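A quick write-up on the structure given underneath.
The values are calculated or read from the model by the stated rules, or taken from the named source; none is laboratory data. Nothing here was measured: the structure is a model prediction, and the numbers come from that model. For neighbour counting, all protein chains shown are included, and Cβ atoms are generated from backbone atoms with ideal geometry for every residue, glycine included.
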Amino acid sequence: MGNTKRRERSSGLTRRLSNKEKLSSKVASFQRAGGCLSVHQVIFDRGILKEVYVTQDRGQLKRTMGENSRIPRIASYFQSMDVALQEGQRAEVNLKALDWVEKVARCLKKGFVLTI
């Protein structure tokens, strides 16, 4: 085989490896971005959506309900999914996972995503 054909084959292999490395890098990036994503627990209390979180009072941990800056986004998500909580009903939402899925969707031109 001549040097020209070897260079062409080598060049094609390099391009294929380079594409795989780029893909591998993106996969690793998505894995790091996904990682362990915490959830926000909410409760529908007296007609108001509130987040349930843990606070500390005199050295003791206790559950507290309250409104915060994430509530409008959580309420918007429920509305988009046609979810209406009833009085006293609780739910969990993972806002970072929603952001991650949107990011993946923007980057994915073809194929699928497997999440576990």
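Annotation note: Cβ proximity below 8 Å between a residue of the stretch 85-99 that is assigned by TED's automatic domain parsing to the domain that holds Ile71 and a residue that is modelled with pLDDT of 90 or more and assigned to a loop (DSSP other than H, G, I, E, B) (sequence gap 6+ or interchain) occurs for Glu87/Arg46; Glu87/Gly47; Ala91/Val83; Ala91/Leu85. Here Ser69 passes the criteria (1) at pLDDT below 90; (2) touching a Phe, Trp or Tyr at 6+ places or on another chain (Cβ under 9 Å); (3) not in a helix (DSSP H, G or I) except the one numbered (2). Only one of the numbered conditions (1) touching a strand residue (DSSP E or B) at 6+ places or on another chain (Cβ under 6 Å); (2) at pLDDT 90 or above; (3) in a loop (DSSP other than H, G, I, E, B) is not met by Gly88, and that is (1).
As a summary of the residue check, Phe44 satisfies the conditions (1) exposed (fewer than 14 other Cβ atoms within 10 Å of the Cβ); (2) at negative phi except for the one numbered (1). All conditions but one from (1) in contact (Cβ under 8 Å) with a residue 12 or more places away in the chain; (2) surrounded by fewer than 12 Cβ atoms within 10 Å (Cβ to Cβ) apply to Pro72; the one that does not is (1). Exactly one residue out of Val54, Val39 is modelled with pLDDT of 55 or more, more than 30 Å from Val113 (Cβ to Cβ) and not basic (Lys, Arg), and it is Val54.
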